[in-house]
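To keep things clear, I will list the structure first and then write my remarks on it.
The values are calculated or read from the model by the stated rules, or taken from the named source; none is laboratory data. Every value quoted in this text rests on a predicted model; they were computed, and no experiment measured them.
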Amino acid sequence: MEKIQKREGNETRSLGALGVHLLLELRGCDPDLLKDSGAVKRIMAFVAKKAKVAIADVSFRTWPKHCYAAVDIFTYGYSDAVNSQTATDYVVKRFRSKNHSVLEIKIGLLQTQ
């Protein structure tokens, strides 16, 4: 469990994250690749292996006409082994995105002893 420090008044508490939710926006993607459902499924299947994470949910939404894809990767069992940058880099590379943004949200922040 990743430790995050939270300050409340004069007190600092450690919080642990149970997981991570990655929200990726991919612009300038190859539209032919976005239309290929088999390729999209192979990319989805390989994300967990490439990033060495336990994946609870992965969803891809594609708009080939706009060369755009939105990707959600929800992981559980967060630990230092989770490499969200590896997952992001892999997805960006495979969809041939020319411009992307990513939002990483730590989920299940719990106070630890």
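Only one entry in Ala45, Ala70 is modelled with pLDDT under 95 and of a type in the set (Gly, Ala, Ser), namely Ala45.
Just for region 95-113: of the residues that are more than 26 Å from Gly38 (Cα to Cα) and not in a strand (DSSP E or B), which one is modelled with the lowest pLDDT? Steps first, answer last, please.
Just the residues of region 95-113 that are more than 26 Å from Gly38 (Cα to Cα), to begin with: 103-113.
If we keep only those that are not in a strand (DSSP E or B) as well, we get 108-109, 112-113.
Working: Gly108: 80, Leu109: 75, Thr112: 63, Gln113: 58.
Taking the candidates together, the pick is Gln113.
Per the conditions (1) part of a loop (DSSP other than H, G, I, E, B); (2) modelled with pLDDT of 85 or more; (3) not charged (D, E, K, R), the sole criterion not satisfied by Ala81 is (2). Scoring Val92 on the criteria (1) aliphatic (A, V, I, L, M); (2) more than 28 Å from Gly16 (Cα to Cα); (3) at pLDDT below 90 leaves a single failure, condition (3).
Just one residue in the set Leu18, Leu34, Leu26 is closer than 17 Å to Ile105 by Cα and either hydrophobic (A, V, I, L, M, F, W, C) or at pLDDT 75 or above (or both); that residue is Leu18.
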